[in-house]
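The values are calculated or read from the model by the stated rules, or taken from the named source; none is laboratory data. Please read these numbers as outputs of a predicted model, since none were measured by experiment. All Cβ positions, even for glycine, are placed from backbone atoms using ideal geometry, and neighbour counts span all protein chains on display. When the accessible area is computed, the model is the full protein with side chains, heavy atoms only, and any ligands, DNA or RNA have been set aside. Shrake-Rupley method; radii C 1.70, N 1.55, O 1.52, S 1.80 Å.
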Amino acid sequence: MPPFCDPSPPSGALAVEGGYPLRGMAQVSGSKNAALGAMAAALLTTEDCYIENVPNIGDVHYMSQVLRSIGARVEWAAPGVLHIDPSQVQDVAPPSHWVASMRGSFLVMGALLGRFRRAACAPPGGDVIGQRPIDVHLQGFEALGAHVWRDEERFVAEATELRGAPIFMDYPSVLGTQNLMLAAATARGTTTIINAACEPEVVALAHMLNRMGAHIEGAGTHTITIEGVPSLKGVVHRNMPDRIEAGTFAIAAAITGGEVEVRGSAPKHLCALIYKLRQAGVEIEMGEDWLRVKGGGTLRPLVIQALPYPGLATDLQAPMAVLLTQAHGISYVHERVFDNRLLYVGELRKMGAEVVTMGTTTAVITGPTRLMGASVRALDVRAGAALVLAGLVAKGRTIISDVHHVDRGYEGLDKKLCALGARVERLTLGQG
Ligand code: EPU
């Protein structure tokens, strides 16, 4: 069985030699964020769960450690198939250092509250992309009848009984919606989540929970209804493809003037991206689970807004900004989801990009610019991928350090790019 991906040490780096158009077929891995939700959902039962199409990435490794730390058995049953045996889970307070290693770990709070009526978790970690409060999660737990308080480093939620209730979310938070679905699945009575997030990863979690015996309707809309059931059973669940990885390959094909068929992804989850790429002049054909992206023409500048689904995904905002450095004219990038997700701009400028920021949520990009290879840092998972794309089109060699951020979210990005004709090399300590 494959070992868990052990994310490269912080000193790991990628060296990218720019100037090679990508050509061929890229197979998309399972979704990072949907896998984290599915792993948390397994805690709601005492029976075995098998999750197929799980990427072997750093965040899955961290989430496995969180589950193991409270007594679950987590192992690869086969490549890409994660077996979770949650029967021995008794501890409801995972160690804070594991929870703090990532954002999705906080989903164990809703699952443990649902199963044991008690959970204690440190505030989650995650990328530095702005304020990331968890108030909608905690308010939702309270609405379900839990008493929630802060006990030194942890949030504690406890309920003698969880009762279904209407919950209005101030913001359609993705993890917030998932956490409340997990907690409400076994609450007594009906829960209605109003202003719920409608991202495909929310739909995927509802689908898995329903196959475990839950009664959830409306996922994919802004109103989700959950009829609580007494208990849930084990499941074999197939994880959805990673729409962000698929989008990243599409942008990579466009930026290098290549032609790539992105397979195993659902174009219906990428409507906004496809629309904007076409608006920029990129040719795209698609079928039910593939898209073929052809670059090479003159790129037109764009105005893009990163928004909740079905708006353009914030996780594709940085890769799109890199593409727009190659467009002819002035582009505007507005980040509307997180309040500080343009930090990568400083790194992009080291490569010669003409980008100015207005506040922390708008970037103005003048193109086209001949990017030049430079030493840059991956500041978070998506910013790291964006810099890899910049390296693909830059003149000379780009060294991207802190590549453990990229490894947290992309399965073998360097190998997949090399298979498409890119020159990407993994450097270990002391190389470069
Ligand atoms: N927000 C609140 N209150 C809350 C929760 C969120 O005001 O209680 C605000 C945040 O401040 C932020 C906005 O809501 O401005 C969006 O946050 P959301 O809660 O929707 O994001 P998330 O659930 O923490 C997930 C993904 C992110 C992805 C966002 C948006 C996981 C593990 N993370 O985060 O993925 O960007 O949804 O789609 O599912 C990534 O994969 O690189 C990544 C950051």
(request) Tally the residues that are closer than 15 Å to Ser87 by Cβ and surrounded by 24 or more Cβ atoms within 10 Å (Cβ to Cβ), restricting the search to the range 46-66. (result) 1
(message) Restricting to the range 368-392, name every residue that is of a type outside the set (A, V, I, L, M), touching a residue at least 60 places away in the same chain (Cβ under 8 Å) and either buried (at least 19 other Cβ atoms within 10 Å of the Cβ) or more than 26 Å from Val303 (Cα to Cα) (or both).
(response) Gly373, Asp380, Arg382, Gly391
(message) So for the range 79-89 (the condition being touching a residue at least 24 places away in the same chain (Cβ under 8 Å), open to solvent by 20 Å² or more (accessible area, probe 1.4 Å), of a type in the set (Val, Ile, Thr) and away from the ligand (no atom under 15 Å from the Cβ)), does at least one residue qualify?
(response) yes
(request) Considering (1) closer than 20 Å to Leu277 by Cα; (2) assigned to a strand (DSSP E or B), say which one Thr357 fails and leave the rest. (result) (1)
(request) Being touching a strand residue (DSSP E or B) at 6+ places or on another chain (Cβ under 6 Å) and not in a strand (DSSP E or B) is the filter; apply it to the range 305-325 and report the residue that is nearest to the ligand (Cβ to nearest atom). (result) Thr314
(message) As an exercise: evaluate Leu342 against (1) open to solvent by 20 Å² or more (accessible area, probe 1.4 Å); (2) part of a loop (DSSP other than H, G, I, E, B); (3) of a type in the set (A, V, I, L, M) and give the number of the one condition it does not meet.
(response) (1)
(message) more than 13 Å from the ligand (Cβ to nearest atom) and open to solvent by less than 10 Å² (accessible area, probe 1.4 Å): is that true of Val156 in this structure?
(response) yes
(request) Can you tell me which residue within the range 112-123, out of those that are open to solvent by less than 20 Å² (accessible area, probe 1.4 Å) and more than 23 Å from Lys233 (Cα to Cα), is modelled with the lowest pLDDT? (result) Ala122
(message) On the basis of being aliphatic (A, V, I, L, M), within 25 Å of Leu291 (Cβ to Cβ) and in contact with a Ser or Thr (Cβ under 8 Å, 6 or more places away or on another chain), does Val202 make the cut?
(response) yes
(message) Would you confirm, using the coordinates I've provided, whether Arg238 is over 24 Å from Gly176 (Cα atoms) and surrounded by fewer than 20 Cβ atoms within 10 Å (Cβ to Cβ)?
(response) no
(message) Please pick out the residue among Gly24, Gly37, Gly58 that is over 21 Å from the mean Cα position of the chain (by Cα) and not aromatic (Phe, Trp, Tyr).
(response) Gly24
(request) Can you work out which of the residues in the range 315-339 that are in contact (Cβ under 8 Å) with a residue 40 or more places away in the chain and more than 14 Å from Ile251 (Cβ to Cβ) is most open to solvent (accessible area, probe 1.4 Å)? (result) His328
(request) Residues being open to solvent by less than 70 Å² (accessible area, probe 1.4 Å), part of a loop (DSSP other than H, G, I, E, B) and touching a Pro at 6+ places or on another chain (Cβ under 9 Å): count how many of those fall in the range 124-153. (result) 2
(message) For a quick check of your reading of the model, give me the residue pairs whose first member lies in the range 185-214 and is touching a residue at least 60 places away in the same chain (Cβ under 8 Å), whose second is aromatic (Phe, Trp, Tyr) and assigned to a loop (DSSP other than H, G, I, E, B), with beta-carbon atoms closer than 8 Å and at least 6 apart or on different chains.
(response) Ala197/Tyr309; Cys198/Tyr309; Glu199/Tyr309; Pro200/Tyr309
(request) Could you figure out which of (1) buried (at least 24 other Cβ atoms within 10 Å of the Cβ); (2) over 17 Å from Gly247 (Cβ atoms) isn't true of Lys395? (result) (1)
(request) Go through the range 159-172 and count every residue that is within 16 Å of the ligand (Cβ to nearest atom) and of a type in the set (Val, Ile, Thr). (result) 1
(message) Can you find a residue that is within 16 Å of the ligand (Cβ to nearest atom), in contact (Cβ under 8 Å) with a residue 24 or more places away in the chain and either open to solvent by 10 Å² or more (accessible area, probe 1.4 Å) or of a type outside the set (S, T, N, Q) (or both) anywhere in the range 2-25?
(response) yes
